[in-house]
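S.K.: Dropping a structure here in structure tokens format, bear with me for questions.
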Amino acid sequence: GNGGSGSGGGGNDKKEQKPTPDNTNTPDNTKPQDGAYSDLGGHEWAKNAIEELSRKGIISGDGNGNFRPQDSVKREEFVKMLVEALDISTDGSNADFSDAQKGAWYEKYLTAAKNSGISMGREDGTFGIGENILRQDLAVMMLRALEAVGKAPKLSENTESFSDASAISKYAQEAVSNMQSNGFIQGMGDGSFAPMQSATRAQAAVIIKRILDYIGGSDTLL
């Protein structure tokens, strides 16, 4: 259900629908030494993933011992997770998205995303800084990131037809099918995928952990 859900992003960034922006442009960059947080009750399905990724420095909390698992993930935050998890180079020139602040914490991650093809931005030159990442866009970015490191899986025969498949944007359909059929993302428990719903921090953590398991050769995804 929600525990395993997450979606991808990145597909045709130029056609993404824009959720209401949240002007939070600063990442939470403080993590407990042991990766433990005080607010993971009810999120046991994501606890191991959150704590492991925190210990690795891929994700972090709010500095007060909380992870905020139900909060939505920003587009730039998810790009950072992918780049860090897959060790994608952040070298190169500024990605130069019109809504990106020069010198901001996310600048090098956006550069990595653009140089590797994870996200090329939108037709108006923006990236979508401060906006929650949609589940379908999360799936697209995932597939593109795996392609960037030469680890993209082929479409599996285990493809599931979601009850709201018609709501998935055309640019994201292939990525959602691929990521779902290979076990990286799941539906919402009621047979739907909810492509236009924002992904939560807990969902994103589980998905990134699955990517790491897959890259590491694990036979079973979390």
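The values are calculated or read from the model by the stated rules, or taken from the named source; none is laboratory data. The structure presented is a predicted model; accordingly, all values stated were derived computationally and were not measured. Neighbour counts run over all protein chains shown; Cβ positions are idealised from the backbone, glycine included. Side chains are part of the model used for accessible areas, which takes the heavy atoms of the whole protein and leaves out ligands, DNA and RNA. Shrake-Rupley method; radii C 1.70, N 1.55, O 1.52, S 1.80 Å.
S.K.: Here are the criteria: (1) within 21 Å of residue 196 (Cβ to Cβ); (2) under 15 Å from the mean Cα position of the chain (by Cα). Tell me which single one residue 60 does not satisfy.
M.R.: Only one criterion in (1) within 21 Å of residue 196 (Cβ to Cβ); (2) under 15 Å from the mean Cα position of the chain (by Cα) is unmet by residue 60, namely (1).
S.K.: Now, a different point. Tell me, which helices (runs of 4 or more DSSP H) wholly within the stretch 104-222 include 2 or more residues that are over 17 Å from residue 75 (Cα atoms), open to solvent by less than 40 Å² (accessible area, probe 1.4 Å) and in contact with a helix residue (DSSP H, G or I) (Cβ under 8 Å, 6 or more places away or on another chain)? Let's see the steps before the verdict.
M.R.: Numbers: elements: 107-116, 135-148, 170-181, 201-215.
In the stretch 104-222, the matching helices (runs of 4 or more DSSP H) lie at 170-181, 201-215.
S.K.: As an exercise: evaluate residue 20 against (1) over 16 Å from the mean Cα position of the chain (by Cα); (2) over 29 Å from residue 147 (Cβ atoms); (3) open to solvent by 80 Å² or more (accessible area, probe 1.4 Å); (4) modelled with pLDDT of 85 or more and give the number of the one condition it does not meet.
M.R.: The number of the failed condition is (4).
S.K.: For the condition crowded, with 17+ Cβ neighbours inside 10 Å, touching a Ser or Thr at 6+ places or on another chain (Cβ under 9 Å), under 27 Å from residue 206 (Cβ atoms) and in contact (Cβ under 8 Å) with a residue 60 or more places away in the chain, what is the one hit in 67, 78?
M.R.: 67
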